[in-house]
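A quick write-up on the structure given underneath.
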Amino acid sequence: MPELNRQEHFLALADWSRDRLEEMIERGIELKRRRGEPGAEQPLAGQSLGMIFAKSSTRTRVSFEVGASELGASPLFLSKQDIQLGRGEPISDTARVLSRYVHGIMIRTFEQSDLEELARYGSVPVINGLTDRFHPCQVLADLMTARESLGADLSGISVAWIGDGNNMAHSWLNAAARFGFRLRLACPEGYEPDGDVLEAAREETVVELVGEPEEAASGVNVVTTDVWASMGDEGEVQERRRAFEGYRVDGDVMQAAAEGAIFLHCLPAHRGEEVTAEVIDGPASRVWDEAENRLHVQKALLAELMG
Ligand code: CP
Ligand code: NVA
């Protein structure tokens with residue numbers, strides 16, 4: 001099996017140093033400031049980015065397509081159903097073939113191991129656009145949003161995660177470990193994050209699992225949540241609705257947070273389930289900046305990996 005050099009790809013936040021992640025955030029902020037200036041550099045002129053999607057997407061697809069174009073690269077949308085991968089062509093063969101055409105690959109899929117196989121067998125940088133285990137591009141954009149809104153050194157913030165111990169929760173755990181900030185999670189019983197991701201974070205920083213959303217949010221700067229049923233969990237929607245009742249970010253939860261605390265959600269959101277309309281459409285919400293920041297921080301990532 002070919003070796004996997006994790007620094008040549010962006011598979012999980014845990015693979016990169018804090019300095020390199022900080023640099024992406026700073027460059028993202030700079031690219032945001034300079035967007036649309038005449039004569040913007042196109043460091044990826046003449047290159048192509050393959051984008052494989054085995055799941056739906058609005059933000060990831062559009063932000064990567066627009067971002068790649070702005071850097072001068074041509075994005076190719078490759079729905080899994082429409083390429084031979086969906087008819088059983090091995091990932092390793094797909095990786096080797098695509099690497100002969102494109103200069104980088106972004107993939108959204110189910111298994112983290114499939115993403116890693118693509119990176120192992122290909123010879124171009126691979127970016128994780130969401131797997132069942134991690135969503136690193138999203139949390140990088142979330143950290144950029146926290147930096148912009150709170151103006152703080154990220155090691156000094158505190159974050160509450162309410163709800164499912166899913167791919168987003170895992171990436172927040174990775175981020176807490178890298179930046180050294182405090183993370184408190186309130187997850188229903190049986191829906192806690194994977195033990196290995198939790199333990200790895202606990203070796204680096206303070207991570208607490210508590211019972212109630214308000215307890216998790218007490219005194220924190222960032223309150224964040226995600227859908228009760230992720231892509232792939234469609235068969236468990238009813239069961240999850242019962243289990244997650246009460247794990248909702250509402251006005252009381254935000255009230256428990258620190259003064260000036262912000263609310264983040266990767267989107268898409270279900271108002272009335274994991275968050276009330278009052279919160280997501282209210283003054284503490286930064287979800288539109290958060291969605292926008294995907295574009296800027298991913299441009300920094302594309303330039304770093306493909307430039
Ligand atoms: N947050 C996020 O990744 O959104 P999409 O599923 O629309 O890409
Ligand atoms: N946890 C969600 C995130 C969507 C962007 C999912 O995997 O569906």
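The values are calculated or read from the model by the stated rules, or taken from the named source; none is laboratory data. Keep in mind it's a predicted model, so treat the numbers as computed, not measured. Methodologically, a virtual Cβ is constructed for each residue, glycine included, from the backbone with ideal geometry; neighbour enumeration extends over all protein chains shown.
Within the stretch 240-271, if we keep just the residues that are within 16 Å of ligand 1 (Cβ to nearest atom) and of a type in the set (A, V, I, L, M), the residue that is nearest to Thr58 (Cα to Cα) turns out to be Leu267. The conditions are (1) farther than 30 Å from Leu85 by Cα; (2) within 13 Å of ligand 2 (Cβ to nearest atom); (3) outside any helix (DSSP H, G or I), and Val159 fails exactly one of them. Which is it? In the conditions (1) farther than 30 Å from Leu85 by Cα; (2) within 13 Å of ligand 2 (Cβ to nearest atom); (3) outside any helix (DSSP H, G or I), Val159 misses (2) alone. Scanning the stretch 289-307 for residues that are under 16 Å from Thr224 (Cβ atoms) and polar (S, T, N, Q) yields a count of 1. Out of the stretch 60-83, which residues are within 16 Å of ligand 2 (Cβ to nearest atom) and over 18 Å from Ala141 (Cβ atoms)? If the condition is that a residue be within 16 Å of ligand 2 (Cβ to nearest atom) and over 18 Å from Ala141 (Cβ atoms), then Lys80 is the only one that fits.
Please indicate, with yes or no, whether at least one residue in the stretch 27-35 is of a type in the set (Gly, Ala, Ser), away from ligand 2 (no atom under 16 Å from the Cβ), over 22 Å from Arg133 (Cα atoms) and at pLDDT 95 or above. If you could, list the steps in order and put the result at the bottom.
If we filter the stretch 27-35 for residues that are of a type in the set (Gly, Ala, Ser), which is where we start, we get 28.
Next cut, away from ligand 2 (no atom under 16 Å from the Cβ) only: 28.
Keeping just the survivors that are over 22 Å from Arg133 (Cα atoms) gives 28.
Then keep just the ones that are at pLDDT 95 or above; that gives 28.
Yes, because at least one residue in the stretch 27-35 is of a type in the set (Gly, Ala, Ser), away from ligand 2 (no atom under 16 Å from the Cβ), over 22 Å from Arg133 (Cα atoms) and at pLDDT 95 or above.
Taking into account only those residues within the stretch 216-239 that are among the charged types (D, E, K, R) and over 22 Å from the mean Cα position of the chain (by Cα), which is farthest from Val139 (Cα to Cα)?
Glu239
Hey, could you check the stretch 254-288 for residues that are touching a strand residue (DSSP E or B) at 6+ places or on another chain (Cβ under 9 Å) and within 13 Å of ligand 2 (Cβ to nearest atom) and say which is farthest from Val227 (Cα to Cα)? Top of the filtered list is Val287. The residue pairs whose first member lies in the stretch 50-65 and is more than 16 Å from Met231 (Cα to Cα), whose second member is in a helix (DSSP H, G or I) and within 13 Å of ligand 2 (Cβ to nearest atom), and whose beta carbons are closer than 7 Å, counting only pairs six or more residues apart or on different chains, are Met51/Arg61; Ser63/Arg294. Can you find a residue that is closer than 29 Å to Val222 by Cβ, in a loop (DSSP other than H, G, I, E, B) and not polar (S, T, N, Q) anywhere in the stretch 135-146? Yes, the stretch 135-146 contains at least one residue that is closer than 29 Å to Val222 by Cβ, in a loop (DSSP other than H, G, I, E, B) and not polar (S, T, N, Q).
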